[in-house]
Amino acid sequence: MENRVAVISIIVTEPGRVEELNELLHEYSPYILGRMGVPYREKNLNIISIAIDAPMDAINSLSGALGRLEGINAKVIYAKVQ
């Protein structure tokens, strides 16, 4: 299966869930190109962007797992197919 490049945008509204999030991201670390996290202390949020290069199934699996975590909102944006 062909790899796709995508960015996963994550907003953490419950800081106590960060450990679960990190464990999940660690499982997909072979595909992760980079990660940027921004703590927004005034709003008690964490904003995270993940750049990923992976098979579509892996990206969908990660996105689905993120969506099942309480206090975590995630959206995926794919690069256009070339």
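The values are calculated or read from the model by the stated rules, or taken from the named source; none is laboratory data. Remember, it's a predicted structure, so these values are computed and weren't measured experimentally. All Cβ positions, glycine included, derive from the backbone under ideal geometry; neighbour counts span all protein chains shown.
Tabulated data
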| read-out | value |
| --- | --- |
| Tally of residues being in a strand (DSSP E or B) and either under 17 Å from Lys75 (Cβ atoms) or touching a residue at least 60 places away in the same chain (Cβ under 8 Å) (or both) across segment 11-39 | 7 |
| Selection within segment 34-64 - among the hydrophobic types (A, V, I, L, M, F, W, C), over 12 Å from Asn3 (Cα atoms) and modelled with pLDDT under 95 | Leu45 |
| When residues of segment 37-61 are limited to those that are farther than 21 Å from Arg17 by Cα and of a type outside the set (D, E, K, R), the one surrounded by the most Cβ atoms within 10 Å (Cβ to Cβ) | Ile52 |
| Residues of segment 65-82 satisfying the condition of being among the small types (Gly, Ala, Ser) and either outside any helix (DSSP H, G or I) or out of contact with any Leu (no Cβ under 9 Å at 6 or more places or on another chain) (or both) | Gly67, Gly71, Ala74, Ala79 |
| Selection within segment 9-36 - surrounded by 11 or more Cβ atoms within 10 Å (Cβ to Cβ), more than 16 Å from Gly71 (Cα to Cα) and of a type outside the set (D, E, K, R) | Tyr28, Tyr31, Ile32, Leu33 |
